[in-house]
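Read through the structure below, which is laid out as structure tokens, and then see the notes.
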Amino acid sequence: MSDEAATETALAPERAAELIAADAELIDVRRPYEWDGGRIPGSRNIEVNELPAAAESISKDRVVIFYCRAGNRSAMAAEAFRQAGFDAHSLAGGIEAWAAAGQPLEPDGGEVRKPLPAS
């Protein structure tokens with residue numbers, strides 16, 4: 001990876017797709033109901049609040065891309081993991097930007113779910 005790529009933190013959907021194709025690890029930090037509605041193929045779901053406990057399951061030897069609905073949660077996750085020595089990035093604009101760019105979702109007919117109202 002070039003020095004320029006190593007310093008990109010928030011990645012456009014097209015750049016994220018390139019890194020995913022090159023074996024980046026993709027982590028969806030949204031809540032399970034959001035994950036169930038639609039997700040980026042090849043991702044795994046670790047809710048943002050569960051990331052500290054799951055950190056050992058994430059490889060430091062691969063680029064890691066975090067994503068959420070709009071990019072806020074994933075930006076915080078990427079920053080924390082970068083500080084811990086990971087080559088971590090977030091998907092700029094989240095899965096909303098990914099879908100708007102025409103990138104695939106799974107399952108077929110998947111959707112970007114809106115947040116549930118606070119109870």
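The numbers here are math on the coordinates, done by the rules we state, and not lab data. Note that this is a predicted model, so its numbers are computed, not measured. With ideal geometry, Cβ positions are generated from the backbone for all residues, glycine too; neighbour counts draw on all protein chains shown.
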After finding the eigenvalues of the alpha carbon gyration tensor for segment 21-77, what semi-axes result from the square roots of 5 times each, listed largest first in whole Å? 17, 14, 10
List the residues of segment 102-116 whose backbone N lies under 16 Å from a point placed 7 Å from the Cα of Met76 along the Cα-to-Cβ direction. 115-116
Report the per residue volume, in Å³, of the convex hull enclosing the C-alpha atoms of the chain. 101
Kindly express, to the nearest 10 degrees and within the range 0 to 90, the angle between helix 72-83's C-alpha long axis and the longest C-alpha principal axis of the chain. 20
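Under unit Cβ charges (Lys, Arg +1; Asp, Glu -1), what dipole magnitude, rounded to 20 debye, does segment 70-119 have relative to its Cα centre?
Working: 4 positive and 6 negative charges, 44 e Å.
My answer is approximately 220 debye.
Using the Cβ atoms and a cut-off under 13 Å, what net charge is assigned to the surroundings of Gly93, where Lys and Arg are +1 and Asp and Glu are -1?
Numbers: positive: Arg15, Arg69, Arg73; negative: Glu14, Glu96.
Once all neighbours under 13 Å are counted, the net charge is +1.
Counting Lys +1, Arg +1, Asp -1, Glu -1, what net charge surrounds Leu116 among other residues with beta carbon under 11 Å of its beta carbon?
My count for the surroundings of Leu116 gives +2.
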Total charge dipole magnitude, the chain, about the Cα centre, Cβ charges on Lys, Arg, Asp, Glu only, Debye to nearest 20: 400
